[in-house]
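Shown next, in structure tokens, is the structure this report addresses.
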Amino acid sequence: MRTIRRILVTGGAGFIGANFVHHLLASAKDCHVFNLDLLTYAGSRNNLRDVIDSPRHTFIQGDVADQDLVSRLLRDNEINAIAHFAAESHVDRSIAGPEAFIQTNIVGTFRLLEAARLAWQGKFGENVFLHVSTDEVYGTLAPDDEAFTETNAYAPNSPYAASKAASDHLVRAYFHTYGLRTVTTNCSNNYGPYQYPEKLIPLMIINALTGKPLPVYGDGLQVRDWLYVTDHCRAIETVLKRGRLGDTYNIGGLCERANIEIVQMVCGLLDELRPRSEGGSYYEQIVHVEDRPGHDRRYAIDPAKIGTELGWRPFETLQSGLRKTVLWYLDNQDWVNAVMGEKYREWIALNYAARTGGELE
Ligand code: NAD
Ligand code: TYD
């Protein structure tokens with residue numbers, strides 16, 4: 001079991017990273033978190049408002065691709081663990097503009113690996129580098145295919161998935177070539193508090209509440225595996241402490257659902273918790289719009305390895321996790337208002353104007 005005392009979390013002002021920072025500060029009482037985040041459109045100090053004043057949390061605004069900065073952080077703070085979340089993370093944005101994905105996900109991961117290799121040379125035995133990745137690197141499944149295991153071949157289909165696949169390969173190479181103590185996790189779709197509303201579930205909650213269309217791509221029968229974010233954070237802490245070095249672990253919620261089912265569940269919860277003032281159901285706002293190019297039909301994760309080796313399993317069901325999520329968005333209107341600024345409106349116009357005839361702006 002490794003002890004995590006001084007950890008660099010990259011991307012810790014984004015959705016999963018911020019949840020992880022909250023989780024770790026609560027669960028590892030003697031751990032200091034150094035949180036490096038560029039604060040792109042997806043990152044915000046608002047996601048850290050509960051921990052920003054903690055004496056065990058230091059926030060640094062900066063780029064993972066800035067190797068001098070990262071090297072200094074690792075040396076000056078005697079960091080012995082890295083949890084690398086920082087990334088461009090949205091498939092639709094990777095289709096609209098792939099360059100940032102190459103820069104942050106591939107070049108950024110490379111520079112971080114280099115900084116760790118140089119800072120930790122000669123004392124590899126005390127350190128660990130955990131790379132947070134996605135199930136999307138494995139490509140798409142047919143309805144009856146077996147779920148992804150760690151031995152599936154990589155077959156990424158979007159620029160996002162390809163950039164994450166490239167970063168996974170770099171991490172693997174640094175383990176085999178330089179002996180850097182790495183471990184990689186490949187997780188399914190997360191949902192929960194602090195998720196930027198460009199992703200399916202928060203977008204649907206917010207659009208429903210503001211009386212806008214709920215834009216389902218294509219037939220809505222694409223299947224994803226859904227995991228509540230806190231379960232993912234527990235899995236990452238487990239792998240950091242006990243994951244086998246040089247190995248990869250698939251993390252999933254054992255919860256496959258078609259997109260249309262997810263949207264209908266969100267509508268059902270909102271009908272119960274915040275009924276429409278004009279009557280009727282949120283279901284009436286669902287519209288089918290033009291599909292995503294190259295849209296993967298199905299992802300499914302087999303989490304047997306992390307279950308058997310490390311004893312991890314998800315605690316939340318989709319019902320309990322979605323209820324918590326909807327309640328969080330209802331209770332945090334100030335957060336929602338702050339996130340829906342000019343940059344957000346620009347993205348909605350770019351991605352949905354043609355799809356919905358401008359109805360979403
Ligand atoms: P996010 O887009 O919400 O947050 C990304 C964070 O990284 C933001 O705070 C952003 O400011 C920061 N960032 C971006 N570029 C940076 C740079 N160059 N230097 C420093 N910081 C930078 O993403 P997320 O959903 O929290 O995903 C976190 C990680 O988990 C990503 O690596 C993603 O690939 C992976 N992942 C996400 C999911 C999911 O469902 N969201 C599932 C599996 C894996
Ligand atoms: P998303 O949350 O973007 O995650 P990912 O593409 O990484 O799986 O999308 C989840 C699914 O929901 C995906 O199949 C695309 C679909 N989707 C819609 O149908 N409408 C939308 O407006 C969005 C954002 C996604």
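The values are calculated or read from the model by the stated rules, or taken from the named source; none is laboratory data. The structure presented is a predicted model; accordingly, all values stated were derived computationally and were not measured. Heads up, the Cβs are rebuilt from the backbone with ideal geometry, glycines too, and the neighbour counts pull from every protein chain shown. For the accessible areas, the whole protein counts, side chains as well, though only heavy atoms, and no ligand, DNA or RNA atoms are used. Shrake-Rupley method; radii C 1.70, N 1.55, O 1.52, S 1.80 Å.
General observations
- The amide H of Val289, built 1.01 Å from its N in the peptide plane, has Val216, Tyr217, Gly218 as neighbours under 5 Å, considering only residues 5 or more places off or on other chains.
- Val21 contributes about 0 Å² of solvent-accessible surface, heavy atoms of the protein only, 1.4 Å probe.
- Around the amide H of Gly243, modelled in the peptide plane, lies no amide H under 5 Å away from a residue 5 or more places distant or on another chain.
- Relative contact order (%) - criterion: Cα under 8 Å, at least six apart; region: the stretch 12-58: 46 percent
- Net charge in the neighbourhood of Leu209 (other residues with Cβ under 11 Å of its Cβ; Lys, Arg +1, Asp, Glu -1) is +3.
- Interchain or long-range residues, amide H under 5 Å from Phe148's placed H: Ala300, Ile301, Asp302
- Counting only lysines at least 8 places from Lys123 when in the same chain, those with an alpha carbon closer than 18 Å to its own are Lys241.
- Solvent-accessible area of the chain (1.4 angstrom probe, protein heavy atoms only): carbon and sulfur portion equals 50 percent.
- Selection from Ser54, Gly311, His131 lying farthest towards where the dipole of the chain points positive, charges on Cβ: Ser54
- Rounded to 5, percent antiparallel among DSSP beta bridges of the chain: 10 percent
- Measuring only protein heavy atoms, the 1.4 Å probe finds Lys199 accessible over about 50 Å².
- Rounded FRET efficiency, nearest 0.05, which uses the C-beta distance separating Leu330 from Thr308 and R0 of 35 Å: 0.35
- For the pair Arg6 and Arg242, a Förster radius of 25 Å applied to the C-beta separation gives a FRET efficiency near 0.85, rounded to the nearest 0.05.
- In terms of accessible area, using a 1.4 Å probe and ignoring ligands and nucleic acids, Thr109, Thr230 rank largest first as Thr230, Thr109.
- Shown in residue order for the stretch 295-312 are the 3J(HN,Hα) couplings computed by the Karplus curve 6.51 cos²θ - 1.76 cosθ + 1.60 at θ = phi - 60°: 4, 5, 7, 8, 10, 8, 10, 9, x, 4, 5, 5, x, 6, 6, 10, x, 8 Hz (x for Gly and Pro).
- Residue among Ala173, Ala86, Ala161 with the largest mean-square fluctuation in a Gaussian network model of the chain, springs linking Cα atoms under 10 Å: Ala173
- Entry comment: accessible area of the chain is 40 Å² per residue, from protein heavy atoms only and a probe of 1.4 Å.
- Theoretical gain in end-to-end length, His176 to Tyr283 [0.36 nm per residue, Cα-Cα removed]: 33.4 nm
- Measuring only protein heavy atoms, the 1.4 Å probe finds His84 accessible over about 0 Å².
- Contact order relative to length of the chain, as percent, for alpha carbon pairs under 8 angstrom and 6 or more apart: 17 percent
- Calculated [θ] (222 nm, deg cm²/dmol) that DSSP helices of n ≥ 4 give over the chain, each run adding -39,500 (n - 2.57): -12500 deg cm²/dmol
- Glu99 sits among other residues whose Cβ lies under 12 Å from its own Cβ, and their net charge, with Lys and Arg +1 and Asp and Glu -1, is 0.
- Coupling constants for the stretch 199-207 follow from the phi torsions by the Karplus curve (6.51 cos²θ - 1.76 cosθ + 1.60, θ = phi - 60°), and in residue order they are 8, 3, 5, x, 4, 5, 4, 5, 5 Hz; glycine and proline get x.
- Point-charge dipole on Cβ atoms (K/R +1, D/E -1) for the chain, about Cα centre, debye to 20: 1180 debye
- Each residue of the stretch 188-196 was assigned a 3J(HN,Hα) from its phi angle through the Karplus curve 6.51 cos²θ - 1.76 cosθ + 1.60 (θ = phi - 60°); the sequence is 7, 5, 8, 8, x, x, 6, 7, 4 Hz, with glycine and proline shown as x.
- Ignoring lysines fewer than eight residues from Lys343 along the same chain, the ones with Cα atoms less than 23 angstrom from its Cα are Lys199, Lys212.
- Along the axis of the charge dipole computed for the chain (Cβ charges of +1 for Lys and Arg, -1 for Asp and Glu, origin at the Cα centre), the listed residues His32, Phe148, Pro193 are led at the positive end by His32.
- Check: the stretch 9-74 dipole with +1 on Lys, Arg Cβ and -1 on Asp, Glu Cβ, in debye: 180 debye
- Given charges at beta-carbon only (K, R positive; D, E negative), |dipole| of the stretch 167-231 in Debye: 140 debye
- Percent of Cα-Cα distances greater than 22 Å, calculated over the stretch 1-115: 31 percent
- What the Cβ-Cβ distance of Glu150 and Asp76 gives, at R0 = 30 Å and to the nearest 0.05, is a FRET efficiency of 0.25.
- Other residues within the sphere of radius under 15 Å centred on the Cβ of Gly243, judged by their own Cβ, net out at +3 (K and R +1, D and E -1).
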